[in-house]
């Protein structure tokens with residue numbers, strides 16, 4: 001059974017190849033059959049393989065499958081090897097299952113689009129690349145998957161390429177992640193030159209021999225962090241994600257909510273031994289996580305594009321994951337990833353349903369009262385929103401976010417400060433999430449939806465929403481009766497610092513605090529947007545309020561900052577260099593040749609006596625040399 | 001009784017005659033005088049050969065002069081007919097006017 | 001006899017210098033003939049009577065006569081001498097004389113440095129020259145005769161009317 005592992009990335013890749021070569025000629029049914037079929041089969045095999053692995057090695061253990069030797073250059077001999085352990089198993093299952101459901105959703109969502117075949121080809125390629133990323137045994141193969149998902153992200157954001165703005169958004173995403181990719185590549189080079197191998201296991205074992213805080217560890221960890229920050233849209237490289245919402249909604253759901261943006265989290269989790277050896281960098285990870293989650297939450301509160309709210313929400317939630325990683329709570333970060341993948345993609349799919357039902361309207365203040373018109377959508381959306389805000393008992397408690405915050409509180413120096421920031425973030429999360437829910441689904445009805453959303457779209461949406469809600473169930477049972485669940489499985493595979501509350505009772509107290517904060521957030525949202533909407537308007541109308549609103553709306557001005565710091569000087573330099581200084585070198589060669597040509601052709605003046613004089617002078621010189629030497 | 005001349009002197013005389021011819025080629029603009037100067041250079045070369053032949057007491061020197069002379073004759077005949085053509089085409093014997101091959 | 005050699009050498013050089021400095025073309029020709037005759041004397045004194053005769057007969061007697069014919073045909077005489085004088089300003093002489101003087105210095109220097117010895121002073125009979133021509137140098141003689149044929153044809157063709165030169169501007 002385990003040897004079927006290679007099929008998991010291979011099937012979507014095969015789907016991509018078929019669709020890339022013949023997607024335009026095939027009818028829509030065939031295209032969706034190929035795409036959804038390959039992803040579905042891949043998901044089924046992934047679950048099968050995972051079940052086998054769990055049965056054979058319940059606590060951990062790695063299964064490796066070498067496909068072929070990629071190259072052999074002296075000592076450098078990377079092979080295409082897939083390795084399966086708890087971490088990659090988790091990610092593989094999530095990626096394939098979520099990918100499959102979103103593919104099903106896209107059948108109906110993209111049905112009217114002329115680029116149907118192209119869309120599914122890119123989506124399949126994305127799933128294949130992401131699987132290669134998580135299953136990779138060595139950093140080189142991981143980087144291949146890393147670049148592949150970056151490419152697909154670019155292709156899919158700019159899917160409707162006829163609109164210039166979409167292309168600009170795609171380019172922005174590509175360039176910002178490129179900056180991180182370059183740092184990541186340099187980190188790979190550094191690791192290779194220092195340790196002589198790129199196999200992740202070997203690297204982690206060799207790193208154990210280094211002292212904590214060694215320059216190599218710090219440098220490599222910092223570079224890898226840069227790559228992760230760019231890919232996961234954290235401060236300061238988060239500017240691309242809100243604009244990436246220019247792509248179709250399934251793309252936002254799959255790539256920019258569930259999978260690609262968590263590649264950075266995966267990377268840090270995978271290389272956690274390296275990061276443990278670089279405590280400064282790990283602390284920076286926590287700081288970045290905390291800062292991002294707050295900044296993004298503030299910004300999400302002021303957005304009125306439905307998808308942009310969800311984009312900032314994604315940035316914020318990944319900030320939570322980074323915060324967890326920063327304090328060494330690997331398992332907590334990963335379980336938050338799992339739940340987030342489900343409920344965030346569900347939210348995006350629901351947003352897609354709403355947007356399509358209203359004929360392409362994105363502004364939430366033009367929507368309203370959809371509770372009656374789209375009941376199923378309302379229920380699934382609210383369920384996912386409650387999961388996001390971490391509210392029991394509808395979403396079973398000991399939510400992943402709570403796990404993170406517990407670990408942060410217990411982590412010692414600065415832990416309490418970070419915990420406070422995390423709590424503030426949780427409050428804001430509840431606030432902006434339910435602002436969105438109340439404005440879109442409750443209240444007056446300015447626009448009426450056209451038609452009923454297709455079942456192809458609703459079913460995956462509902463399934464994902466439900467999965468997000470119940471995935472934390474085992475944890476609740478653990479708290480009550482010690483049944484081990486998902487979190488404990490991950491914890492045993494990737495051991496972090498063991499932190500437990502001294503007393504069971506303390507844990508319940510904290511839980512009560514979390515629930516209270518979320519409920520207060522929801523209540524405040526209800527008050528502001530249902531009972532007293534004019535209050536918000538009057539707040540933003542004041543001078544301070546409007547300035548603050550403006551700054552939060554544009555994401556704390558990072559775009560403006562980057563344009564001033566990088567864009568404007570670069571354009572100025574390019575204008576200065578319009579004649580291309582470097583080109584001058586090559587042009588100079590041509591100019592010198594021509595100059596010499598002109599000079600020499602002056603000697604060909606048609607005068608015979610001149611030529612004879614040349615011969616005579618030559619004779620003089622040669623004889624002179626013969627005489628002198 | 002024939003002369004007994006040091007070889008350096010004899011060859012030096014040939015050299016001087018040769019260079020005189022060279023000056024003539026470089027300075028004069030009349031094509032006929034230029035051809036004449038070339039003849040002078042031929043003559044100087046022949047003198048050198050004959051001188052060497054009489055030094056080594058072999059006929060080869062004179063044989064060489066024989067060939068040089070013949071070549072000079074052929075060259076002069078063709079050269080002078082070309083001069084005639086030049087006169088007819090360009091209307092002048094000034095060698096500076098025949099510069100269409102410039103550049 | 002050595003004295004005769006030196007005297008005729010002096011005459012040859014003087015006549016050569018005079019050749020290239022005259023404005024009148026006919027004068028130049030005549031001075032050159034004088035130089036040739038002096039060369040013939042030098043050959044005779046060196047013990048090469050055959051080539052001495054050849055110089056006079058062919059060089060002075062045929063080639064120079066050809067020159068004279070052309071000069072007469074083209075009517076180059078005293079009228080053109082004026083024009084020639086303008087071309088023979090001292091300024092035109094500087095460069096060529098410089099190059100030539102350098103050349104002479106180098107040649108004479110290398111000759112004085114490397115050459116030693118004297119000519120024996122014996123005659124090389126025409127018989128020996130003839131035997132050489134019809135012996136080892138037979139092939140060269142035949143080739144030279146072909147060369148003369150080529151020269152003959154070339155002179156005949158090029159001497160006709162005004163030829164059309166193809167191409168050019």
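Coordinate-derived values only; no laboratory data. All values reported here derive from a predicted model rather than from experimental measurement. Note: ideal-geometry Cβ built from the backbone for every residue, glycine included; neighbour counts use all protein chains shown.
Below, the figures for the structure above:
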item: All-pairs Cα distance distribution in segment B:8-93, expressed in whole percent, bin size 10 Å; result: 18, 39, 28, 12, 3, 0
item: Residue with peak Gaussian network fluctuation, chain C [Cα springs, cutoff 10 Å], from C:159, C:47, C:61; result: C:159
item: Cα gyration tensor, segment C:92-167 - rounded (a/c under 1.5), prolate or oblate; result: oblate
item: For chain C: span of alpha carbons on each principal axis (Å, largest first); result: 56, 42, 30
item: Of all DSSP beta bridges in chain A, antiparallel share, percent nearest 5; result: 100 percent
item: Shape of the protein assembly as shown, Cα gyration tensor, a/c cut at 1.5; result: prolate
item: Average projected area [Cα convex hull, segment C:50-103], square nanometres; result: 5.9 nm²
item: Pairwise Cα inverse-distance average, inverted: Kirkwood Rh of segment A:495-625 (Å); result: 25.1 Å
item: Overall form of segment C:32-80 per C-alpha gyration tensor (a/c, 1.5; a/b vs b/c); result: oblate
item: Relative contact order computed over chain A (Cα-Cα under 8 Å; 6+ residues apart), in percent; result: 12 percent
item: Order by protection proxy (mean Cβ within 10 Å, highest first), peptides A:434-440, A:595-601, A:148-154; result: A:434-440, A:148-154, A:595-601
item: 15 Å reach of a label modelled at residue A:163, 7 Å along Cα-to-Cβ, counting backbone N of segment A:330-367; result: A:352, A:355-364
item: Computed over segment B:8-93: relative contact order in percent, which uses C-alpha pairs under 8 Å that are six or more apart; result: 26 percent
item: Per residue Cα convex hull volume in Å³ - calculated over segment A:277-319; result: 43 Å³
item: Using a Förster distance of 56 Å, the FRET efficiency for residue B:92-residue A:571 (Cβ separation, nearest 0.05); result: 0.25
item: GNM top mover of C:63, C:105, C:76 - chain C, alpha-carbon springs below 10 Å; result: C:105
item: On Cα atoms only, tilt of B:60-90 relative to the major axis of chain B in degrees; result: 10 degrees
item: Residue order, fewest to most beta carbons within 10 Å, for A:559, A:580, A:243; result: A:580, A:559, A:243
item: Cα-based convex hull, segment A:313-444, per residue volume (Å³, whole number); result: 97 Å³
item: Cα centroid of segment A:336-387 to Cα centroid of segment A:275-293, whole Å; result: 33 Å
item: With Cα atoms, 0 to 90° folded angle of helix A:375-389 axis to chain A main axis; result: 80 degrees
item: Peptide A:596-604, shielding by other chains (average Cβ, 10 Å cutoff); result: 1
item: Dmax and Rg, reported as Rg then Dmax, of segment A:35-187 (C-alpha, Å); result: 17.5, 53
item: 10 Å Cβ neighbours from other chains, averaged over peptide A:613-620; result: 5
item: Residues A:382, A:339, A:182, A:262, sorted so that the one with the fewest Cβ neighbours within 10 Å comes first; result: A:182, A:382, A:339, A:262
item: Choice from C:57, C:131, C:20 showing the highest fluctuation, given a GNM over chain C with Cα pairs closer than 10 Å; result: C:131
item: Chain B: angle of helix B:31-56 to the longest principal axis, Cα-based, in degrees nearest 10; result: 10 degrees
item: Span per principal axis, largest first, for the Cα atoms of segment C:2-92 (Å); result: 44, 30, 16
item: Exposure proxy ranking, count of Cβ atoms within 10 Å, fewest first, for A:103, C:27, C:157; result: C:157, C:27, A:103
